[in-house]
1. Could you list all residues from segment 139-185 that are open to solvent by less than 60 Å² (accessible area, probe 1.4 Å), part of a strand (DSSP E or B) and of a type outside the set (A, V, I, L, M)?
2. Looking at segment 110-146, which of its residues are touching a residue at least 60 places away in the same chain (Cβ under 8 Å), hydrophobic (A, V, I, L, M, F, W, C) and touching a Gly at 6+ places or on another chain (Cβ under 9 Å)?
3. Please tell me if residue 188 is modelled with pLDDT under 95, at negative phi, surrounded by fewer than 21 Cβ atoms within 10 Å (Cβ to Cβ) and over 13 Å from the mean Cα position of the chain (by Cα).
4. Can you tell me which residue in segment 32-74 is most open to solvent (accessible area, probe 1.4 Å), limited to those that are under 25 Å from residue 147 (Cα atoms) and charged (D, E, K, R)?
5. Can you confirm whether segment 27-41 contains a residue that is touching a Phe, Trp or Tyr at 6+ places or on another chain (Cβ under 8 Å), touching a residue at least 12 places away in the same chain (Cβ under 8 Å) and small (Gly, Ala, Ser)?
6. What single numbered condition from (1) open to solvent by 20 Å² or more (accessible area, probe 1.4 Å); (2) within 22 Å of residue 99 (Cβ to Cβ) fails to hold for residue 193?
7. Please determine whether any residue of segment 26-37 is basic (Lys, Arg) and over 18 Å from the mean Cα position of the chain (by Cα).
8. Restricting the first residue to segment 44-58 and requiring it to be without any contact (Cβ under 8 Å) to a residue 60 or more places away in the chain, which pairs with a second residue that is open to solvent by 60 Å² or more (accessible area, probe 1.4 Å) and not in a loop (DSSP other than H, G, I, E, B) meet a Cβ separation below 8 Å and a spacing of at least six or different chains?
Amino acid sequence: MSDKRNYGQFCGLAAALDIIGERWTLLIVRELIIAPARFHEIQSHLPGIGPNLLTDRLKALSARGILDAEPVPGDARGKRYRLTPVGEQLREPLLHFSRWGMRFLTDEDARSGMTSSAWGFFALQAMIQGRPVPDVRESYEFRIDDDVFHITVTDGKAVAHRGAADDPAIVVRTSAETFVRIGAQLISPFDAVVTGSLSLDGDPAAVLRCTQLMGLSAQPARDATGVS
């Protein structure tokens, strides 16, 4: 890796960008923050990246100790990539970065860009990070297209999990596109319910607590130019 371009600066930010600043690299990390994944699973969520470039990026991240490969049970030649503890340290800043970037999403992005329910799970984690947590013990379940995940709230902490919740206080059903539109404040949860693109079942008080936790209550939809 000695021939790799770098910024040539004695600075922590420059050093970080030397490693993760290449095109596609942080999106690869996003996929592994969501869940460990095989090569073809990562590639399927990164339309436009060629297999050779993905191979190069995975090798570079592995060489820096950001990810490693583990065997796949039942597949002697299979490999599943996962973040190392060093790679996991990128979770919090990338969730902040994702929430910051939502304000720049537009209706045109929604019409022309790819999305997925797995990215909805990533967006959910970004939306609840650092928010005030209600003083209750309950869970909120989200059924986004064919994916299911939930938030548990207990002991002043809110944690997102894959899979269904046990006895959820509310159940949200919608598409990945609508879910990200709501997170980006291109549409309000109320408008999504009125138009039939989102359904909510459960305790109305829990709905209010959930929307507050996600930073959505009292948040008007912004216009398509990205201005709140």
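The values are calculated or read from the model by the stated rules, or taken from the named source; none is laboratory data. Bear in mind the structure is a predicted one, so any value in this text is a computation, not a measurement. Here the Cβ positions follow ideal geometry from the backbone for every residue, glycine too, while neighbour counts run over all protein chains shown. Side chains are part of the model used for accessible areas, which takes the heavy atoms of the whole protein and leaves out ligands, DNA and RNA. Shrake-Rupley method; radii C 1.70, N 1.55, O 1.52, S 1.80 Å.
1. 139, 140, 141, 142, 147, 149, 150, 152, 154, 174
2. 123, 124, 127, 128, 133, listed by residue number.
3. Details: modelled with pLDDT under 95: yes; at negative phi: yes; surrounded by fewer than 21 Cβ atoms within 10 Å (Cβ to Cβ): yes; over 13 Å from the mean Cα position of the chain (by Cα): yes.
Here the answer is yes, as residue 188 does meet what is asked.
4. Filtering segment 32-74 for residues that are under 25 Å from residue 147 (Cα atoms) and charged (D, E, K, R), the one most open to solvent (accessible area, probe 1.4 Å) comes out as 41.
5. Yes - at least one qualifying residue is present in segment 27-41.
6. (2)
7. No: zero hits.
8. Taking only residues 6 or more apart or on different chains, the pairs are 46/27.
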